[in-house]
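The values are calculated or read from the model by the stated rules, or taken from the named source; none is laboratory data. Only a predicted model underlies this, so the values are computations on that prediction, with no experimental measurement involved. Please note: Cβ atoms are built from the backbone with ideal geometry, for glycine as well, and neighbour counts cover all protein chains shown. The protein model used for the area step is the full one, side chains on, heavy atoms only, and it has no ligands, DNA or RNA in it. Shrake-Rupley method; radii C 1.70, N 1.55, O 1.52, S 1.80 Å.
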Amino acid sequence: MVEQSLEFCNIVKSFPGVKALKGISFRAEGGRICALMGENGAGKSTLLKILSGDIQPDEGCLKINGEEHHFLSPHQSIKSSVSVIYQERQLVPSLSVMENIFLEDMPVGKLGFINMTELRSKTQEILDTFGLPIAPTDTVGWLSVAYQQMVEIMKAYRRDSNIIAFDEPTAPLTDKEITILFSLIKKLKEKGKVILYVSHRMAEIFQISDDIVVLKDGSLVKTLLTSQTNEGELVKAMVGRDIGDTYANLKRNDKIGDVLLEVNNLVTDYVDNVSFKLHKGEVLGFAGLIGAGRTEVMRAIFGADPIRSGEIRLEGKPVRFKSPSEAVASGIALCPEDRKEQGLVLKRSITDNVSIPVLSKVKKGLFLSRKTENDMAMNAVRKYSIKTPSADKQVMQLSGGNQQKVILGRWTSEKMATKILILDEPTKGIDVGTKAEVYQMVCDFAKQGIGVIFISSELTEVLNVCDNIIVMHNRHITGMLTREEATEELVLQLAMKD
Amino acid sequence: MIRNFLVKKVVRNNNFTLVLTLFVVLFVFQMINKNYLSLGNIRNILNQAFVMGTLSVGIGCLLICGKADLSSGAIGMMGGLIVTFLLNWGVPWPLAVLITLCAGAVMGSLNAFFTNVLNIMPFIATLGVSSVIAGLGQVFTNLQDIPIYNKSFWVLGSKNFFSTLPLPFLITMVLLLAYGIILKRTRFGRQIYMTGGNASAARLAGINPKKISTILYINSGAIATIAGILTASRMQTGSPTAVLSYNLDAITVGVLGGISFTGGTGSMSGVFIGILLFNSFKNGLVIAGLDSYYQPVASGILLIAALILDFYRERSRLKALRAHEKLG
């Protein structure tokens, strides 16, 4: 077997106004898993896009097995046996597994028809190699997210790609699925492939990688051997400073007040028999695997999804919101998990996005008061140090962390007078530094007497930020723990309890 | 420094490009034919402009809200017929106009019902409504024009100010101004932009997107009948073929004027310049001696040009998005 290798040689790439990559050089060997790490905006995705031929570097080149390459299109990249597997899967959901795997290279018979028997047997062979419990004829759109990702990997394997790059592959997966994915990646590694692996999750990196390349602001900061480093050193390299123990420095609220929200036996199309209480000034965590029904509970309370039965009491009074606008009017705020699709109007300014729920309160007579609105937005910009030249900037031009702050600014303005703040995965896709800021903000909200519901799939975060933790599994609540009694093992047990 | 900044801001402004294009169009046709910018021809241009101009107010608001409307032309046509019937039955014209406006609102509410209650795609739903209403118009009239005998009603369409500004176009301008202010300065206007920009995010932020688009469909129906009433008054007849063809033109001037086809951006000032540009161009072709059969060709070309422009605007937006978002 020829020793495979991939080398980035002095890659430079600029976008209008930003230098995304400032001369990156490193080498990845076959049969090893090389992790790319860095905060948001460090340049990881740009690097992968250059590898896939999606964009072209201004300077520098790629060397595959020592041979120089300049990819002008994704097609050329694939031809040079490179596969990049993005978070957004590039599959045709209405077609079967085998058709997707052989999409651009179907076995064809003499008359030009597709040879279905051969297609099926070839696909089965590949599936068997990796021991996947799916059938070649299954429709891809009906598979779980995890298996769709597997199909994507099979596609790369079928092309006989020698270089396979993963862009945050575990983000949509449950722990069980991650285990399957990892065993797959390890098999690819054994076959001598060059594997690049981008992820934000620290634990994963240590579990799977052999080498770690740390990027920061478009430059390569450090190359580490996974076996010879630790989390502390890695975080330090990523943020360029020692953030110490993020959680130890949290200034927490210690005065928890009366019951604010009481949910009794809530049943919807997506959750069964959910009951819990939220107090003033409490940070109530919702832990569990993805798909456990946490988001769905909140959407029902918020009036976004219909409720079948059950009782909701807000400050003792029974309520049943028919639409989110009623919930908002009662002082309940929801920051959805998918910021861009559900949270923000990206085309509009920071001001527009901050004032949206309280427009009736920024009116002066018939018209909106621009001054009041602008003051509101500037308040949010200052309070949460949102990085922007002005409040008129379109939200799409902000980074993920700053976008999240805009939503928080929207729901915590004085005019909104939020009583209950529901945060669904508020730190998803946010860099380490901003995460720490968000944690402190959450505690500050609690200090103001707001009841905060904190949904997160990151265990350490739930364990350290929340006062009480509710664990959900398979549409219902499996347990409730206080911060003192909660441990990672205990939460995980509950999260997987049947 | 400051001057530089201002210049940049003005140049980047979409309306600036449009005004510049408008001047180029005016200049070129004036070179071709000396009568192009005569008072009489300007009056002609404005008289041709008011129908699509009026329709574009209602359609424009819907486009900003991210909704298509292909039925305004038909509703306008029906409005012209309704007002004609009412007048010929002896109803005094102010009352006839009022009733017609209400009828327009009712026809608009059909669109709202199909799109918001039955969740049919706006494009298809409004196309269906348009077809039904246009057909009914032909059934009611046997495809004959019906003369209007109420002379006091004729004034609406024939009065001119300063011998160049026809009353119908003045009404269009007033509508554009009023809706421009509603869009930019009121709570409802902001809700339209937010709904068009991202309906699901707007909903979770306490806006009721269905309510917004329902109001806008009803509104668009009523405004469409204004175009029909003014056309009937100007022609002194109710015609089952009037206004119909202006629906597409109204969409064209909207997109030309900077309303994104995907919703969430655009302004009435842009639409106004779009109307002037579109009609100056169309009229110029006639003045330059081209056969009037070329007019639909010109409309089509302008629509495609507007969409290409919209595509590039959207792409530069996406580029900005990518540059800032996907570095990590």
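Starting from the Cα gyration tensor of segment A:255-369, take the square roots of the eigenvalues, sort them a ≥ b ≥ c, and report rounded, prolate or oblate (rounded when a/c is under 1.5, otherwise prolate if a/b is larger than b/c, else oblate). Kindly include the intermediate steps, with their values, before the conclusion.
Details: a/c = 1.90, a/b = 1.52, b/c = 1.25.
It comes out prolate by the Cα gyration axes.
What does the accessible area per residue of segment A:5-239 come to in Å², with a 1.4 Å probe and no ligands, DNA or RNA counted? Don't skip to the end; give the middle numbers.
On the way: 10030 Å² over 235 residues.
Computed with neighbouring chains in place, this is 43 Å² per residue.
Testing the spin-label approximation: label points 7 Å from Cα along Cα→Cβ at A:Arg320 and B:Val106. State their distance in nm.
3.6
At what distance in nm do the modelled label points of B:Lys184 and A:Glu3 sit from each other, each positioned 7 Å from its Cα along Cα→Cβ?
6.8
For segment A:104-171, which trypsin sites (Lys or Arg not before Pro) are both in a DSSP coil and crowded by at most 13 other Cβ atoms within 10 Å? Could the numbers behind the result be given before it?
Working: sites: A:Lys110, A:Arg120, A:Lys122, A:Lys155, A:Arg158, A:Arg159; in loops: A:Lys110, A:Arg159.
Passing sites in segment A:104-171 are A:Lys110.
Take the Cα coordinates of segment B:214-282, assign each an equal point scatterer, and use the Debye formula without solvent to give log10 I(q)/I(0) at q = 0.11, 0.17, 0.18, 0.22 Å⁻¹.
-0.32, -0.75, -0.82, -1.09
Sort out for me the Cα centre separation of segment A:172-212 from segment B:76-92, rounded to whole Å.
Segment A:172-212 and segment B:76-92 have Cα centres spaced 73 Å from each other.
Calculate the FRET efficiency for A:Glu414 and A:Arg313 from the Cβ-Cβ distance with a Förster distance of 35 Å, rounded to the nearest 0.05. Don't jump to the answer; show the numbers that get you there.
Numbers: r = 26 Å, r/R0 = 0.74.
The computed FRET efficiency comes out at 0.85.
Of all accessible surface on chain A at a 1.4 Å probe, what whole percent is carbon and sulfur?
With neighbouring chains kept in place, the figure for chain A is 49 percent.
Which of rounded, prolate or oblate describes segment A:74-171 when judged by the alpha-carbon gyration tensor and an a/c cut-off of 1.5?
On the way: a/c = 1.74, a/b = 1.24, b/c = 1.40.
In terms of gyration-tensor shape, oblate.
For segment B:59-199, just the Cα set please: Rg and Dmax, both in angstrom.
That works out to 17.4, 49 Å for Rg and Dmax.
Go ahead and collect, in residue order, the members of segment A:188-230 whose backbone nitrogen is under 16 Å from a label point 7 Å along the Cα-Cβ direction of A:Asn10.
From segment A:188-230, the list is A:220.
Taking 0.36 nm per intervening residue step and subtracting the Cα-Cα distance, what contour gain separates A:Lys255 from A:Arg483 on full extension?
Here the answer is 80.6 nm.
Could you check the simple spin-label distance between A:Lys110 and B:Leu307, using points 7 Å along Cα→Cβ, in nm with one decimal?
My value for the distance between the label points is 4.6 nm.
For B:Lys282, which lysines qualify as cross-link partners when the Cα separation must be under 21 Å and same-chain residues fewer than eight apart are set aside?
Within the straight-line cut-off, B:Lys282 pairs with B:Lys34.
Which residues in segment B:276-296 have a backbone N closer than 11 Å to a point placed 7 Å from the Cα of B:Asn35 along the Cα-to-Cβ line?
Residues B:287-289 qualify, since their backbone N sits under 11 Å from the label point.
Can you tell me how chain B classifies by the Cα gyration tensor, rounded, prolate or oblate, using a/c under 1.5 as the rounded cut? Mind showing how you got there, number by number?
Working: a/c = 1.92, a/b = 1.20, b/c = 1.60.
Oblate, because a/c is 1.5 or more while a/b does not exceed b/c.
Suppose the chain between A:Glu68 and A:Ser227 were pulled fully straight at 0.36 nm per residue; how much longer would it get relative to their current alpha carbon spacing? Don't skip to the end; give the middle numbers.
On the way: separation 159, 0.36 × 159 = 57.24 nm, distance 3.09 nm.
Roughly 54.2 nm would be gained on extension.
Once amide H atoms are placed 1.01 Å from N in the peptide plane, what residues at a sequence separation of 5 or more from A:Tyr197, or on another chain, have their amide H within under 5 Å of its amide H?
A:Cys34, A:Ala35, A:Leu36, A:Phe166
Can you give me the pair-distance distribution of segment A:5-239, C-alpha pairs, 5 Å bins, whole percents?
P(r) over segment A:5-239, rounded to whole percents: 1, 6, 14, 17, 19, 16, 12, 8, 4, 2, 1, 0, 0.
Looking at this model, which pairs from A:Lys371/A:Lys405; A:Lys255/A:Lys415; A:Lys22/A:Lys44 are more than 19 angstrom apart at the alpha-carbon?
Values: A:Lys371/A:Lys405 21 Å; A:Lys255/A:Lys415 24 Å; A:Lys22/A:Lys44 12 Å.
As for pairs spanning more than 19 Å Cα to Cα, those are A:Lys371/A:Lys405; A:Lys255/A:Lys415.
Can you give the relative contact order of chain A as a percent, counting alpha carbon pairs under 8 Å and 6+ residues apart?
On the way: 976 pairs, mean separation 74.7, N = 498.
Relative CO of chain A lands at 15 percent.
What is the extension gain from A:Thr129 to A:Asn265, computed as 0.36 nm multiplied by their sequence separation minus the C-alpha to C-alpha distance, in nm to one decimal? Don't skip to the answer; put the middle values down first.
Numbers: separation 136, 0.36 × 136 = 48.96 nm, distance 4.66 nm.
Separation in residues times 0.36 nm, less the Cα-Cα distance, equals 44.3 nm.
On a straight-distance basis, which lysines could pair with B:Lys211 in a cross-link, Cα separation under 17 angstrom, same-chain partners fewer than 8 positions away excluded?
A:Lys322, B:Lys67
How many angstrom separate the Cα center of segment A:444-498 from the Cα center of segment A:386-415?
27
If R₀ is 35 angstrom, what is the calculated FRET efficiency for the pair B:Trp89 and B:Ser131, using the beta carbon separation as r and rounding to 0.05? Display every interim value, and only then the final one.
On the way: r = 28 Å, r/R0 = 0.79.
The pair B:Trp89/B:Ser131 has a calculated efficiency of 0.80.
Could you let me know the centre-to-centre spacing of segment B:243-290 and segment A:48-101, using Cα atoms, in angstrom?
42
With just the Cα atoms of segment A:259-495, tell me how far they stretch along each of the three principal axes, in Å, largest first.
50, 38, 30
Which residues' amide hydrogens lie under 5 Å from the amide hydrogen of A:Leu260, considering only partners 5 or more residues apart or on another chain, with H built in the peptide plane?
Those lying under 5 Å, H to H, from A:Leu260 are A:Leu278, A:His279, A:Lys280.
Residues in segment A:133-158, backbone N under 14 Å from the label point at A:Asp338 (7 Å along the Cα-to-beta-carbon vector): list them, ranges by number please.
Under cut-off, by backbone N: A:145.
Roughly how much of A:Glu118 is accessible, in Å² to the nearest 10, using a 1.4 Å probe?
My reading of the accessible area for A:Glu118 is about 70 Å².
What's the FRET efficiency of A:Ser390 with A:Ser183 using the Cβ-Cβ distance as r and R₀ = 56 Å, to the nearest 0.05?
On the way: r = 50 Å, r/R0 = 0.90.
Using R0 = 56 Å, I get an efficiency of 0.65.
Tell me the total accessible area that B and A bury against each other, 1.4 angstrom probe, in square angstrom rounded to 100.
Chains B and A together bury roughly 3500 Å² of accessible area.
For a quick size check, give me the Cα extents of chain A along its three principal axes, largest first, whole Å.
Its Cα atoms span 72, 49, 47 Å along the three principal axes.
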